[in-house]
Amino acid sequence: MHELSLITAMMDLILKDAQSRGIRKITRVELKVGEFSGAYPHALREAFAVASRGTPMEGAELVIEEVPAELRCRECGAVFRPSETGWACPSCRSQNVLLQGGLELEIQSYHGRDGDVGQGRSGQGYSSGEQEEG
Ligand SMILES: [Zn+2]
């Protein structure tokens with residue numbers, strides 16, 4: 001699965017960063033995923049659930065912000081969504097367009113805490129159980 005290698009690479013980055021900051025438990029990960037990034041949010045979630053098992057990220061909440069694809073016409077400046085019929089500008093029919101959104105695939109942020117799991121007195125609950133999917 002394509003998404004599994006993507007999520008593994010992202011987790012690697014986060015885990016290394018967390019380690020350097022002394023964070024032992026990651027509670028929340030926020031990703032930005034563009035419509036044209038080639039990754040599907042539901043597949044990313046499944047891959048995350050599998051790949052995070054046994055890591056400090058297990059049980060973390062995965063938040064995915066989906067970014068819709070957006071094109072901008074270089075001739076008239078119109079901003080529009082690509083359609084099935086093509087990427088031509090709907091107002092001037094120019095094909096001189098620029099993809100300005102929708103390719104994102106990045107880590108927005110992550111939240112974690114240091115110290116031992118279970119000692120936190122903040123409201124953030126920790127669950128080691130399986131997460132049910134809708
Ligand atoms: Zn145009």
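We did not get these values from a lab; they are worked out from the coordinates using the rules stated. This one's a predicted model, so the numbers in the text were calculated from it and none came from an experiment. Cβ atoms come from the backbone with ideal geometry, glycine included; neighbour counts cover every protein chain shown.
When each of the peptides 5-15, 79-89 is scored by how many other beta carbons lie within 10 Å of its residues on average, the order from highest to lowest is 5-15, 79-89.
A straight chain from Val63 to Thr85 at 0.36 nm per residue would run longer than the Cα-Cα distance by 4.7 nm.
In this simple spin-label model, placing a label point 7 Å from the Cα along the Cα-to-Cβ direction at both Asp12 and Val50 gives a separation of 1.7 nm.
Rounded to the nearest 5, the antiparallel percentage of DSSP beta bridges internal to the stretch 2-113 is 70%. Taken along the Cα-to-beta-carbon direction at a fixed 7 Å, the label points for Gln108 and His42 span 2.1 nm.
Along its first, second and third principal axes, ordered by size, the stretch 2-113 spans 55, 24, 17 Å in Cα coordinates. Computed extension length for Ser5-Arg28: 6.3 nm, one decimal, from 0.36 nm per residue of separation with the Cα-Cα distance subtracted.
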